Amino acid sequence: MQNLKKTKNLNTIAALAENGLISAQEIATLESVAQQFSVSITPQIAELCAEAETPSADPIRLQFIPDPKELDIKPHQLQDPIGDNIHSPVPGIVHRHPDRCLLKPIYTCPVYCRFCFRREQIGHQVKTLSGEALENAYHYIASKPEIWEVILTGGDPLMLTPTKLGGILKRLTAIKSVEVIRIHTRVPVVDSKRINDALLKALTIDKALFISLHANHPKEFTPEAENAIQRIIQKGIPMISQSVLLKGINDDPDTLQSLFKKFVKNRIKPYYLHHCDLAEGTEHFRTSIETGQNIMKTLRKNVSGLCQPTYVLDLPGGHGKVPLHSSVIHPQEKGCTIEDCEGNTHFYPD
């Protein structure tokens, strides 16, 4: 693509059109999508999109290029599909489980996934937590000695400057009860150049640090991405994965087998395969739970145990993640009831 701008993100519909990623006929409709849900694509992802032989079925384009289907919001879809808000005691903190909490220091990402479960928050509001809000978050964590693990998410924490990220990690490691820090990110596969010496230095801390990489399709593992991953691994930082089961993108055993083998080849342990959440405007991405279970059965039969993630659903209402094995699922008319970790059942439209 000759007109591709390689120096900055494409974060408007006009920029996507200028670079040939959408047609002139799509501009008006997609402007409506962009008014409701954030748009951003890195040059690295734009190049992958530009290489698509069949754009309408390309697994990279489908993840990142806006679609008019996002304007079709169903009654059962939610602005806060996993119940973050009801478990947020102070801004930036989500404390759903006793021994761990989320810290969201940033509300921007290098790319905006079209299926994002935080799409109502990300890219629309203040870009980072204020200094005062961060101090309140540290105070909250320190006041809860049961918090053993802090998970940095957002947004994408690796979008922070190395100085800012290093400062946050330093403050967290100073809290005696915090023994593990986890960072959730897409940066290595969508904006690989950010994994530089300064960032790696910021990630060098005295407590256990894990990086959870979000990737959904083997095409995301470009040479640049694999090099960025190896730079992290060679610093002695363990990596795990998270992926989302997405209709038309990875909802078949062969694609997921290839994806999970890519993770393991790059020394990343597959951790979670998420059932797509009930975020607004994402119905076209969601499979049935039965589809996901059947895929997992095939993978268990054909693929090494190293390549097996846990297939999970984050229950609406803030009830936490549930492994989607058959013993917790009970079919009902127009859906099913799912048993949470406390033995309570919840209706889920499926």
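Any read-out appearing in this document is the output of simple, stated calculations on the displayed coordinates, not a laboratory observation. Just so it is clear, the structure is predicted and the values come from calculations on it, not from any experiment. Heads up, the Cβs are rebuilt from the backbone with ideal geometry, glycines too, and the neighbour counts pull from every protein chain shown.
Values as computed for the structure displayed
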{"read-out": "Residue-span extension gain [N227 to T337] - 0.36 nm each, minus C-alpha spacing", "value": "35.2 nm"}
{"read-out": "Estimated FRET transfer efficiency when R0 is 41 angstrom, pair L306-I86 (beta carbons, to 0.05)", "value": "0.65"}
{"read-out": "Distance from segment 251-278 to segment 70-134 (C-alpha centre basis), Å", "value": "23 Å"}
{"read-out": "Interchain or long-range residues, amide H under 5 Å from L313's placed H", "value": "H275, V322, L324"}
{"read-out": "Placed amide H near Y112: partners under 5 Å, 5+ positions off or other chain", "value": "S40"}
{"read-out": "Summed side-chain charge close to S212 - residues other than S212 whose Cβ falls under 15 Å, Lys, Arg +1, Asp, Glu -1", "value": "+3"}
{"read-out": "Cα-based shape type of segment 105-145, given that a ≥ b ≥ c are square roots of the gyration tensor eigenvalues and the cut on a/c is 1.5", "value": "prolate"}
{"read-out": "Theoretical FRET efficiency, 1/(1+(r/R0)^6), r = Cβ-Cβ of A198 and E135, R0 25 Å, to 0.05", "value": "0.55"}
{"read-out": "Kirkwood estimate for segment 13-66, i.e. one over the average of 1/r between Cα atoms, Å", "value": "11.3 Å"}
{"read-out": "For the chain: span of alpha carbons on each principal axis (Å, largest first)", "value": "56, 51, 40"}
{"read-out": "Pairwise label distance in nanometres, N344 with K235, each label 7 Å out on the Cα-Cβ vector", "value": "4.0 nm"}
{"read-out": "In segment 167-271, trypsin sites (Lys or Arg not before Pro) in a DSSP loop with at most 10 other beta-carbon atoms within 10 Å", "value": "K176"}
{"read-out": "Residues in segment 150-172 that a label on A208 would reach, taking backbone N under 18 Å of a point 7 Å out along Cα→Cβ", "value": "150-152, 172"}
{"read-out": "5 angstrom amide H check on R96, placed H, neighbours 5+ away", "value": "L102"}
{"read-out": "Extension gain from I73 to S143, taking 0.36 nm per residue of separation minus the Cα-Cα distance", "value": "21.2 nm"}
